[in-house]
Amino acid sequence: MMSYFTNKTVYITGAASGIGFETAKQLLKLGSNLVLFDVKPLDDALTTLHRLNMHEVSISTYKLDVTDADMTTQQIIAAANDSPPDILMHFAGVTGPWTFDDMSQEQFERVISINLFGTRNVLAAIRPFLSRGNQVMVTASMASFIGSYGYSSYSASKFAIWGMMQSISYEWKPVGIDITVFSPPAIDTPLTQAEVGTMAKAGVGMKKLAGELKIEDAVKSMLKGVENREFLVVPGVMANIIRLQLRFFPVSWVNWIGHKTVAFSLK
């Protein structure tokens, strides 16, 4: 059955695991041609995707370190020369589950480098191959709008992505390139699993305020938002309640809830 994504060529960064891999699986069922990028080996992901490839669409893979601007440019050029993109879905990123006092400069810079500069590098590399009707989906987070205990580096990177994508949208939408910013709460992925035992209890408590989504449901919401060419996609009831609070309540109220949550978690 035909869908919005049928026969479209979709570039996916961070495709080896987590949300990127789940997105690849769902798009495969919808008949998209896939171009996959990751700094990690894609062999296992590719084996699974070939097994699921009932529509016999094309699947190609490229190694990509998004913090390397030159490499990013060259790999995107190589991919675009073979299969020009219709849609970019950018998932490559890391968390930073350390309190500011416990975090080194190197740890802080790594999060900023991958999440912010990596996003910039991918967008700059793919821009020459985008034209009217094409789309870009960038993964942000609820941490783009509200800080959280133990997330100073992560929130800094995601706040910056939110501002960057709003600005780029003003520049690209007039030439027909639509942008979607995907800002989910916690999702059960290898990244969030890696935080277990590392993130402080107060950080875990604050994350629970926004709820946690199943990865399949989060990706379905994101794909629907891209199909509708929505600028912002925030899946989950609790996450949207927080967004409404940020919009209609003073920051003192939001901070009061955060401080109370931290105090309760530290007991």
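Just so it is clear, none of the values below were taken in a lab; they were calculated from the coordinates. Not measured: the values here are computed from a predicted model. Note that we place each Cβ from the backbone using ideal geometry, even for glycine, and neighbour counts take in every protein chain shown.
Would you please calculate the Kirkwood hydrodynamic radius of region 9-265 over all C-alpha pairs and express it in Å, rounded to one decimal?
Kirkwood radius, region 9-265: 18.7 Å.
Set the bar at 19 Å for Cα to Cα. Now go through Lys29/Lys224; Lys25/Lys173; Lys25/Lys158; Lys40/Lys158; Lys63/Lys224 and name every pair that lies beyond it.
Those over the limit are Lys25/Lys173; Lys25/Lys158; Lys40/Lys158; Lys63/Lys224.
Where does helix 251-265 land angle-wise versus the long Cα axis of the chain, in degrees 0 to 90, nearest 10?
Approximately 80 degrees, to the nearest 10.
Quick check for you: which residues of region 59-103 have the amide N under 20 Å from the point 7 Å beyond the Cα of Asp43 toward its beta carbon?
59-65
Count the net charge of all other residues whose Cβ sits under 13 Å from the Cβ of Asp38, scoring Lys and Arg as +1 and Asp and Glu as -1.
Summing Lys and Arg as +1 and Asp and Glu as -1 gives -1.
With axes computed from alpha carbons, what is the tilt in degrees of helix 69-82 against the longest principal axis of the chain, rounded to the nearest 10 within 0 to 90?
40
How many angstrom lie between the C-alpha centres of region 165-188 and region 1-50?
First find each Cα centre; the distance between them is then 20 Å.
Report the one residue of Phe100, Val262, Val226 whose Cα lies farthest in the direction of the positive end of the charge dipole of the chain (charges on C-beta: Lys and Arg +1, Asp and Glu -1; origin at the Cα centre).
Of the listed residues, the answer is Val262.
Would you calculate the separation in nanometres between label points at Glu171 and Ser113, each defined as 7 Å from the Cα along the Cα-to-beta-carbon direction?
2.4
R0 = 22 Å: FRET efficiency of Asp82 with Ser131, Cβ-based, nearest 0.05?
Taking R0 as 22 Å, the efficiency between Asp82 and Ser131 is 0.80.
Enter the angle in degrees (range 0 to 90, nearest 10) between the Cα long axis of helix 237-248 and the first principal axis of the Cα atoms of the chain, meaning the one along which they spread out most.
Rounded to the nearest ten degrees, it is 70.
With all distinct Cα pairs included, what does the Kirkwood hydrodynamic radius of region 20-152 come out to in Å, to one decimal, could you say?
Kirkwood hydrodynamic radius for region 20-152: 16.3 Å.
Give, rounded to the nearest 20 debye, the magnitude of the charge dipole that the chain has about its Cα centre when Lys and Arg contribute +1 at Cβ and Asp and Glu contribute -1 at Cβ.
840
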